[in-house]
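The values are calculated or read from the model by the stated rules, or taken from the named source; none is laboratory data. Keep in mind that this is a model prediction, so the values were computed, not measured. All Cβ positions, glycine included, derive from the backbone under ideal geometry; neighbour counts span all protein chains shown. Ligands, DNA and RNA are stripped out before the accessible areas are found, and what is left, the full protein with its side chains, is counted by its heavy atoms. Shrake-Rupley method; radii C 1.70, N 1.55, O 1.52, S 1.80 Å.
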Amino acid sequence: AMSHDLRKSIAWVSREVHARPMVVFSKTTCPFCLEAKKILERELGAAYASVKIFELDEMGSEASGTSSALLALSGMATVPNIFLKGESIGGCSELQGLLSEKPDLLRTRFLEAGAATVRAGDKMPSIKLKIVEATEAGAAAVRDVDSAELFRGKNVVLFGVPAAFSPSCSDKHMPSYLNNMDQLKSKGVDEVYCMAVNDAFVMKAWATQSKALGKITLIADGNGELAKRLGLLTDASGGGMGMRSRRFAIVVRDEQVSHVAVDAPMKTHVSTADALLLHLAPLSKL
């Protein structure tokens, strides 16, 4: 019969691997673990920061129980043991094999789990969202859309902000786009969208207050689903803000990402329109 301690270890491991998009069980002295972590850091981009890594050789007396639990749950007693959305995808050799044989499939799985940051070549996800746009009479209106519809057949710049009405977002980030709309249009940009993990009521009020209404479409990613699928959802609970979007800018051409710029935490630099225009080559009409 299974011991009480093993049952406890299995329950703990199971909880941990289902609580996050990706969890890695590793050892600090294991060369295969180091290699796997390097590969994941390269493949996941900024989202690698949210990967939970448990170093068994730093777990003391709990290490043995954890190893037994990993064997029971995944059939693997070796490390690294990489879990994606609660399922073990194996170790370093399995990770390398998947990247070699099915790179697009693995990339899609990473993105769907919110475990990887979007990069050039990725397709924008299809998610139900609410947008704020101007009516013919110039009033702010909220509409339900599929995110794929927003990017189909257009050249689009999407920039993300952590919070509507916050000082950096209102005083610097949003104005950088409002002040550069003509320059962006001259580069072939058809639409500019601004998204935040805020509800539609907040985004509607901000559209009016910021004078973005009729110029920039605001996306209310209320549940953080789009930010998660882009690998740009971040935990801001330390500041009392819960889960929020990273500050970023993405150029999308007919649903396919062509450029990504993600700012470091607490910075407003590479994702501004001024910074984007330095790198943005003219986009041909679709």
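The table below gives the values:
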quantity: Ranking by accessible area, most exposed first, for His18, His173 with a 1.4 Å probe; calculated: His18, His173
quantity: Nearest 10 degrees, 0 to 90: helix 4-19 Cα axis against the chain principal axis; calculated: 20 degrees
quantity: Residue pairs, from the table Lys85/Lys123; Lys215/Lys285; Lys38/Lys123; Lys52/Lys154, whose Cα atoms sit over 28 Å apart; calculated: Lys52/Lys154
quantity: Proximal charge balance of Leu184 [Cβ under 10 Å; K/R count +1, D/E count -1]; calculated: -1
quantity: The range 188-286, dipole about Cα centre (Lys/Arg Cβ +1, Asp/Glu Cβ -1), debye to the nearest 20; calculated: 160 debye
quantity: Partnerless cysteines, meaning none of the other Cys C-beta atoms lie under 4.7 Å away, in the chain; calculated: Cys92, Cys169, Cys194
quantity: Loop sites in the range 111-202: GluC sites (Glu not before Pro), DSSP, at most 13 other Cβ within 10 Å; calculated: Glu136
quantity: Net length gained if the chain between Lys185 and Glu112 were fully extended (0.36 nm per residue, minus Cα distance); calculated: 23.1 nm
quantity: Length released on extending from Ala148 to Leu278, taking residue separation times 0.36 nm less the Cα-Cα span; calculated: 44.1 nm
quantity: Span per principal axis, largest first, for the Cα atoms of the range 82-192 (Å); calculated: 57, 29, 27
quantity: Amide proton proximity set for Met195, modelled H, under 5 Å, gap of 5+; calculated: Phe159, Gly160, Val161, Ile219
quantity: Cα pair distances exceeding 31 angstrom across the chain, given as percent; calculated: 35 percent
quantity: Coil-residue chymotrypsin sites (Phe, Trp or Tyr not before Pro) of the range 137-213, DSSP, other Cβ within 10 Å capped at 13; calculated: none
quantity: Linear extension gain, Ser93 paired with Ala63, 0.36 nm per residue minus alpha-carbon span; calculated: 8.5 nm
quantity: Inter-label distance, nm, simple model (7 Å from Cα along the C-beta direction), Ser237/Leu71; calculated: 3.4 nm
quantity: Nearest 10 degrees, 0 to 90: helix 92-101 Cα axis against the chain principal axis; calculated: 50 degrees
quantity: Surrounding net charge for Met203, when Lys and Arg each add one and Asp and Glu each subtract one, Cβ distance under 13 Å; calculated: 0
quantity: Between 0 and 90°, nearest 10: helix 103-112 axis offset from the chain longest Cα axis; calculated: 80 degrees
quantity: Neighbourhood charge, 15 Å Cβ-Cβ cut-off, centred on Ser26 and excluding it, Lys, Arg +1 and Asp, Glu -1; calculated: -3
quantity: Spatially proximal aspartates and glutamates relative to Lys187 (Cα-Cα < 16 Å; intrachain offsets below 8 disregarded); calculated: Asp254, Asp274
